[in-house]
Amino acid sequence: MTEYTSTLLRLLEERGYIHQLTDAEGLDKLANESVVPGYIGFDATAPSLHVGSLVQIMMLRRLQQAGHKPVVLMGGGTTRIGDPTGRDESRKMLSDQTIEDNIASIRTVFSRLLTFGDGPTDAVMVNNHDWLGKLGYIELLQEVGTHFTVNRMLTFDSVKLRLEREQPMTFLEFNYMILQGYDFRHLCKTAAVRLQMGGSDQWGNIINGIELTRRKDGVEVFGLTTPLLTTADGKKMGKSAAGAVWLNEDALPAYDFWQYWRNTDDRDVGKFLRLFTDLPLDEIARLESLEGSEINAAKVVLANEVTKLVRGEDAAKTAEATASTTFAGGGLGQDLPTLDIAEADISIVDALIGLGFAASRGEAKRLVAGGGARVDGSAVTDEAYRIVLEGKEIRVSSGKKKHGILRSA
RNA sequence: GGACAGGUGGCCGAGUGGUUAAAGGCAGCAGACUGUAAAUCUGCCCGCGCAAGCGUACGCUAGUUCGAAUCUAGCCCUGUCCA
């Protein structure tokens, strides 16, 4: 398995990115001979990607590190269709303006992790709406319609599962795989792209593009998928207490982002370090071999490194400082959520809501009744309790991990 | 267009006239134990209210009834089969 000779495949293999590969030998050879432009497609359904997409983004980074050219494909066109893969329900339609805005917002993350420019190995970003949007229906049918059989399309998991579960699949969505295949061929022709990467659920879509390119142009292109990333307890990555773990700063504060990684399951530490940081492998091996509570040190390193890559050095430093004063010192870190109070005092319930720890008064009261609310570290069980500020900063906590600051305005 | 089946809380899924803010499970939150981990156990889990209680909620609308998620009619949506 690990007999690769190219820098690219060795790098991807040893850091755990490879799940399936269409033609290992062929790609290995190609990567040794020339710069390989490779792309990954991203949906523009939200203004930010979340950690579920981070593997893919990191893979583009590895591609560049290995001396190749990353192509970021924004699905401005395909997002209008909606990828049915792994979904039981049709995606709601987004307006053109929303999609454009989302793409602009998502772009900021890539600029941190990839080097963009005009050079041979500089990253570029393209939008498939630029070509899919212009495509005529008859033209599309002629171009690709002859190369796809419905028989085969029905066997793809994305379609088959939906049918088996008796969930509706619209004709619109049914066309998604065709358009994605079209993308691959288009990029191969116009940008010499030879490789498409993606999550393991994208295997079928990727294969379509490969076959289409081979049949239309006789060019061999390659596909590579990453393993489906789950946390050790079997959950999909990317969800946390507050919801999705967004990559964009304005969608999730750096401190929360840092905390997400800090709370990694013991068993995932090594895997995540390899995938999501640039640390050398021997260093990672040392960190992941830490036993018992010592592994917490490795989690701090993980949180620092990932935050540094995605949010920048300053964000990582501040988040770590906040965490260490808050948890170890019992003090107040500057990165905690803060609530400015104009009055002399505030009820515990309002404070919890104001800090975002409870969505309603009832929820806040339940939290208090359950013994989960703390003021300056000591539990408050009286829901009528009022916090008196007296000009000081006061720490209010929900449980052991969520802390916030009250401050006199 | 026709026949049949179905649309319940974030998700899955019971429930066929009052005892149903709606069983059970999952997810989530909190407590205990720990290491800001996992596993386990316990509590909570629509909103407002200190409370009694009130308001909303079982696709939509209009009815029947003292009383409806449960019955009736129309409509919308989905699936399967037929045209």
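Of all residues in region A:353-397, those being of a type in the set (S, T, N, Q), outside any loop (DSSP other than H, G, I, E, B) and either within 16 Å of A:L336 (Cα to Cα) or under 34 Å from the mean Cα position of the chain (by Cα) (or both) number 1. Among the residues of region A:294-304, at least one is at pLDDT 95 or above, among the small types (G, A, S) and touching a helix residue (DSSP H, G or I) at 6+ places or on another chain (Cβ under 7 Å).
Looking only at residues in region A:15-54 that are part of a strand (DSSP E or B) and not aromatic (F, W, Y), which one is surrounded by the fewest Cβ atoms within 10 Å (Cβ to Cβ)? Among those that are part of a strand (DSSP E or B) and not aromatic (F, W, Y), it is A:Q20. With respect to being in contact with a Gly (Cβ under 7 Å, 6 or more places away or on another chain) and either of a type in the set (S, T, N, Q) or not in a helix (DSSP H, G or I) (or both), A:L336 fits the description. Given the structure, is A:A351 over 30 Å from A:E14 (Cβ atoms), aliphatic (A, V, I, L, M) and at pLDDT 90 or above? Yes. Listed by position, the helices (runs of 4 or more DSSP H) enclosed by region A:77-174 that each have at least 2 residues that are modelled with pLDDT of 80 or more are A:96-113, A:129-132, A:137-144, A:150-153, A:171-174. Residue count for region A:175-200 under the criterion of being touching a helix residue (DSSP H, G or I) at 6+ places or on another chain (Cβ under 6 Å) and in a helix (DSSP H, G or I): the result is 10. Applying the criterion of being among the charged types (D, E, K, R) and part of a loop (DSSP other than H, G, I, E, B) to the residues of region A:248-279, the residue that is surrounded by the fewest Cβ atoms within 10 Å (Cβ to Cβ) is A:D250. Looking across region A:120-155, the residues that are polar (S, T, N, Q) and farther than 15 Å from A:Q180 by Cα come down to A:T121, A:Q142, A:T146, A:T149, A:N151, A:T155. Filtering region A:374-388 to residues that are near RNA strand B (Cβ under 10 Å from one of its atoms) and closer than 24 Å to A:T318 by Cα leaves only A:R374. Within region A:103-113, does at least one residue satisfy the condition of being of a type in the set (A, V, I, L, M, F, W, C), within 22 Å of A:N205 (Cα to Cα) and either touching a residue at least 12 places away in the same chain (Cβ under 8 Å) or surrounded by 11 or more Cβ atoms within 10 Å (Cβ to Cβ) (or both)? Yes.
One line per residue, one yes/no per condition, for (1) in contact with an Asp or Glu (Cβ under 8 Å, 6 or more places away or on another chain); (2) within 12 Å of RNA strand B (Cβ to nearest atom); (3) within 21 Å of A:A254 (Cα to Cα):
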residue	(1), (2), (3)
A:L336	no, yes, yes
A:D350	no, yes, no
A:G362	no, yes, no
A:G372	no, yes, no
A:G391	no, no, no
A:H403	no, yes, yes
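The values are calculated or read from the model by the stated rules, or taken from the named source; none is laboratory data. Note that this is a predicted model, so its numbers are computed, not measured. Cβ sites come from the backbone with ideal geometry, for glycine too, and all protein chains shown count toward neighbours.
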